[in-house]
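Shown next, in structure tokens, is the structure this report addresses.
The values are calculated or read from the model by the stated rules, or taken from the named source; none is laboratory data. Everything numeric here is computed off the predicted structure, so don't read it as measured data. Note that we place each Cβ from the backbone using ideal geometry, even for glycine, and neighbour counts take in every protein chain shown. Ligands, DNA and RNA are stripped out before the accessible areas are found, and what is left, the full protein with its side chains, is counted by its heavy atoms. Shrake-Rupley method; radii C 1.70, N 1.55, O 1.52, S 1.80 Å.
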Amino acid sequence: YKRQKVLFDSYTLTIDNESITREQYNTPTIRFSIADIRKITKTVKGAFAIQSNKSKDYIVISADIEDKPELEMLLKEICEFTLSTPRPIMGYLMIPLTIVLVGMMAIVFASDNKILVGISGPLLTAFLIWSFIGILRNKNMDKKTKRSSYLMIIVILSVIGTTIVKLMQS
């Protein structure tokens, strides 16, 4: 809780004639040129997400930010808002995806069926590596979260090792 409070309290958003910059304790600074802003999304709850043309980075602005009416005016001058759906598509896929991933993990570690292990192992490994890289590249995550994500390497290596051992058994 204290770590989240420090992150929240250190959030600084600067908008000038040329750029938008988000600074926050223990996270990389994100800066977009105003000319490079592709889309500003406003959620139903009043938060904003600013996306750039040049990168996959985005700036998230909490609905609880100070001077919200002034901020909304400034953002409208830059780009018209896109209203987000109440629940993005990934929100609907999260539970089924989690069930599939847990199932693949169970197959890799508990099954002796080479075909199932041969399919589940590489798919699970690919997803875990993709997730790990996504966490490391995300500029909206703090350094402690990124450091703790290195524990995923142990899981990835154990999935790879178990898959290889089970496929090599006669």
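The largest accessible area among Asp9, Asp36 belongs to the first residue in Asp9, Asp36, and the rest follow in falling order (1.4 Å probe, all chains).
Within region 85-125, the percentage of alpha carbon pairs spaced more than 17 angstrom apart rounds to 39%.
Suppose all protein chains stay in the model; what accessible area per residue would a 1.4 Å probe give for region 66-112, in Å²?
Solvent-accessible surface per residue comes out at 76 Å².
Close amide H partners of Arg38, meaning residues 5 or more places away or on another chain with modelled amide H under 5 Å apart, are Gln51, Ser52, Asn53.
A viscosity of 0.692 mPa s and a temperature of 37 °C, combined with the Kirkwood radius over Cα pairs in Stokes-Einstein, give a translational diffusion coefficient for region 57-170 of 188 µm²/s.
Counting 0.36 nm for each residue step from Ala63 to Thr21 and taking away their Cα separation leaves a gain of 13.4 nm.
Among the lysines of region 11-123, pairs that are 8 or more positions apart or on different chains and have alpha carbons within less than 21 Å of each other number 12. Site pair Ala35 and Leu157 shows an inter-label distance of 4.8 nm when each label is modelled 7 Å from Cα along Cα→Cβ. Computed with a 1.4 Å probe on the full set of protein chains, the accessible area for Val155 sits at about 60 Å².
Each Cα pair under 8 Å and six or more residues apart adds its sequence gap; the mean of these over the residue count of the chain is a relative contact order of 17 percent.
Name the residue from Gly103, Met90, Ala63 whose Cα lies farthest towards the positive end of the charge dipole of region 56-114, charges +1 on Cβ of Lys and Arg and -1 on Cβ of Asp and Glu. Among Gly103, Met90, Ala63, the one farthest towards the positive end of the dipole of region 56-114 is Gly103.
Based only on the alpha carbon positions, what is the Kirkwood hydrodynamic radius of region 49-110, in angstrom?
Working: mean 1/r = 0.0655 Å⁻¹.
Computed over region 49-110, the radius equals 15.3 Å.
Accessible surface of the chain, 1.4 Å probe: 64 percent of it comes from carbon and sulfur atoms.
Multiply the residue separation of Met73 and Lys2 by 0.36 nm, subtract the distance between their alpha-carbon atoms, and state the gained length in nm to one decimal.
Numbers: separation 71, 0.36 × 71 = 25.56 nm, distance 3.21 nm.
Contour length minus the Cα-Cα distance gives 22.3 nm.
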